[in-house]
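Step one of this worksheet: look at the structure below.
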Amino acid sequence: MTSANDTGGADRPTREPGRVTRVALMEAALAHIAKRGVLAGLNMREVANDVGVTPANIYHHFGSRQELLRAALTHQIDKLTAPIDSAVTAPYAEWRTAIFDLVQDNPPLRTTALLALDGDPSYEPLPLWELAVEHYERLIAEGDLPEGFDYFAAHVLTLSMSMGVAIYSDAIAHQAGIDPDEVVERTRAMFVQVVEGLSSRHDEPDAPAS
């Protein structure tokens, strides 16, 4: 007689490989985009070969090349949920600078802009927005940000700046004849000035000299 536990144990091995294959295909797709660029497109056979499956597996899991790309980009965003979550505890300037660094340190994240350009209705470019709102309100209450601070506009602006540097740094470095790391380093220094300038604490007068 087969028990419920026996049935559950028999089901798991068939489900787990499918989940692993799906994740592996998304990772392989992101690797191909990073290596060859967006305009080169995704070669389904090469992506499948990297994972050790047939192209039919891609269509089984995702239905189309476009859905694979969308899933891969969303997967990239989901992977950063934990580090974004942990950053939403710091003072304003430190928090936004940490997000700037996070974006620069994860190059595949810049390709998520494709979801916005494609008009994907499921794309949410403000990850953990509800948590961010709570933190903004706490920062205002604690005096780290001024009363009436338009945190929505500031959030959109700083996120756009972070993503913009990630998207354009390599091309700008090539045009300017400098190292991409220098582009990031110099724009980061300016970014820090911007976010510190928005913080109330940055405007506090220095203590008088004794």
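Each reported figure results from applying straightforward, stated rules to the coordinates on display, with no laboratory input. Treat the numbers as computed from the prediction; the structure is a model and nothing was measured. Virtual Cβ from ideal backbone geometry, glycine too; neighbours counted across all protein chains shown.
Numbers at a glance
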{"quantity": "Radius 13 Å from Cβ of residue 79, net charge of other residues (Lys, Arg +1; Asp, Glu -1)", "calculated": "-4"}
{"quantity": "Dipole magnitude (debye, nearest 20) for region 80-201, charges at Cβ of Lys, Arg, Asp, Glu", "calculated": "200 debye"}
{"quantity": "Between region 99-161 and region 177-199, the Cα center-to-center distance that results, in Å", "calculated": "17 Å"}
{"quantity": "Environment charge at residue 178 (Cβ cut-off 14 Å; Lys +1, Arg +1, Asp -1, Glu -1)", "calculated": "-4"}
